[in-house]
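Q: Here you go, one structure.
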Amino acid sequence: QVQLVESGGGLVQPGGSLRLSCAASGSIFSIYWMGWYRQAPGKQRELAASISRGGSTNYADSVKGRFTISRDNAKNTLYLQMNSLKPEDTAVYYCKMEGVPGDYWGQGTQVTVSS
């Protein structure tokens, strides 16, 4: 059984910062790819940032230059540093893992950007 547990969400003012974490545990043999998705109310889930095992990163245009994704392979942990947050970043943020034994999602963590 594999579990992904996100943490670090919360309420922050516009211009502020948050750091999300996603810890993977269980019978994990290999993680190829990890990513952060987000889903705002009434909108489809979108990929915000991703990182390969080798460290290659990709970002949605809407977060490029403000968000930084990183991973600690030894700890099977994924991070998302979010700076210069905007109200439109408000969403539930989910981490996803693709690897062996399969693909898994976290339960989500709420990020609210509001004054």
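Q: What percent does the relative contact order of the chain come to when contacts are Cα pairs within less than 8 Å and at least six residues apart?
A: 37
Q: Residue-wise, which Karplus ³J(HN,Hα) couplings in Hz belong to segment 11-28, taking 6.51 cos²θ - 1.76 cosθ + 1.60, θ = phi - 60°, and x for glycine or proline?
A: With coefficients 6.51, -1.76 and 1.60, one gets 9, 9, 6, x, x, x, 10, 9, 10, 8, 10, 9, 9, 9, 9, x, 7, 9 Hz.
Q: Between K86 and D61, what's the calculated FRET efficiency when r is the beta-carbon distance and R0 is 22 Å? Round to 0.05.
A: The value I calculate is 0.95.
Q: Further question on the same structure: Counting only protein chains, not ligands or nucleic acids, how are S50, S7, S115, S30 ordered by accessible area (probe 1.4 Å), most first?
A: Order by accessible area, largest first: S115, S7, S30, S50.
Q: Still on this structure: Under 5 Å between amide H atoms, partner at least 5 residues away or on a different chain: which partners does A48 have, H built in plane at 1.01 Å?
A: Residues meeting the criterion, in which the H sits 1.01 Å from N, are W36, Y37, R38.
Q: Something else: In nm, to one decimal, how far is the modelled label at K43 from the one at S115, with both set 7 Å along Cα→Cβ?
A: 2.0
Q: Might you tell me the accessible area per residue for the chain, computed with a 1.4 Å probe and given in Å²?
A: 52
Q: Work out the charge dipole of the chain with +1 on the Cβ of Lys and Arg and -1 on the Cβ of Asp and Glu about the Cα centre, then indicate which of L85, S27, V111 is farthest towards its positive end.
A: L85
Q: Here's a follow-up. Taking amide hydrogens as modeled 1.01 Å from N in the peptide plane, which residues meet the under 5 Å criterion relative to K86, leaving out close sequence neighbours?
A: Here G15 satisfy the definition.
The values are calculated or read from the model by the stated rules, or taken from the named source; none is laboratory data. The structure displayed is predicted, hence computed values, not measured ones. Methodologically, a virtual Cβ is constructed for each residue, glycine included, from the backbone with ideal geometry; neighbour enumeration extends over all protein chains shown. These area figures cover heavy atoms from the full protein model, side chains too; ligands, DNA and RNA do not enter into them. Shrake-Rupley method; radii C 1.70, N 1.55, O 1.52, S 1.80 Å.
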